[in-house]
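Structure first, commentary second.
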Amino acid sequence: MRISIIHLEIMEIIQSQLKQVIELLTKQNLLEKEFFTLEEAALYLGQSKSSLYKLTGKKEIPFYVPGGKMIYFRKHELDTWIINSRVETIDGLEESIDNYLSQKA
């Protein structure tokens with residue numbers, strides 16, 4: 001009986017580690033692709049598919065619809081979209097205001 005409990009614990013550990021390896025391989029595969037499906041883009045961005053659908057519906061994120069059915073995203077454009085979505089810090093805003101005011105003076 002004790003051996004089977006240990007055996008089950010070992011199997012659970014192996015399954016957990018295998019799941020982690022599969023997740024890492026999936027992420028590595030994403031990094032090598034130029035275009036993503038909706039599902040891949042959601043995984044890459046860490047967002048839900050429904051939030052991506054909303055962003056595409058509002059045309060707030062760059063996407064492609066070849067043939068009018070499947071939605072695709074270009075990895076480089078997603079990276080650019082993230083970079084362009086930067087929220088300015090308070091220090092950055094104060095510096096921008098100071099620069100603007102010094103130009104007006």
**Q.** Correct choice for percent of Cα pairs over 18 Å apart that was computed from the model, options (i) 66; (ii) 49; (iii) 44
**A.** (i)
Q.
Strictly over 27 Å apart at the Cα level, which of 19/54; 54/75; 33/58 would you flag in this model?
A. 19/54
Q: Among the aspartates and glutamates, select those whose C-alpha is under 15 Å from the C-alpha of residue 59, and discard any that sit fewer than 8 residues away in the same chain.
A: 77
Q: Hey, can you find the accessible area per residue of the chain for me, probe 1.4 Å, expressed in square angstrom?
A: 82
Q: Summarise the accessible area of the chain (1.4 Å probe, protein heavy atoms) by the percent that is carbon and sulfur.
A: 59
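Which value, in debye to the nearest 20, describes the size of the charge dipole of the chain about its Cα centre when Lys and Arg Cβ atoms bear +1, Asp and Glu Cβ atoms bear -1, and nothing else is charged?
In total the dipole reaches around 560 debye.
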Q.
I'd like the FRET efficiency for residue 69 and residue 13, computed as 1/(1 + (r/R0)^6) with the beta carbon distance as r and R0 of 41 Å, rounded to 0.05.
A. 0.45
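The values are calculated or read from the model by the stated rules, or taken from the named source; none is laboratory data. Computed from a prediction, not measured in an experiment: that's the story for all the values here. Cβ atoms come from the backbone with ideal geometry, glycine included; neighbour counts cover every protein chain shown. Areas reflect the complete protein model, heavy atoms only, side chains present, ligands, DNA and RNA absent. Shrake-Rupley method; radii C 1.70, N 1.55, O 1.52, S 1.80 Å.
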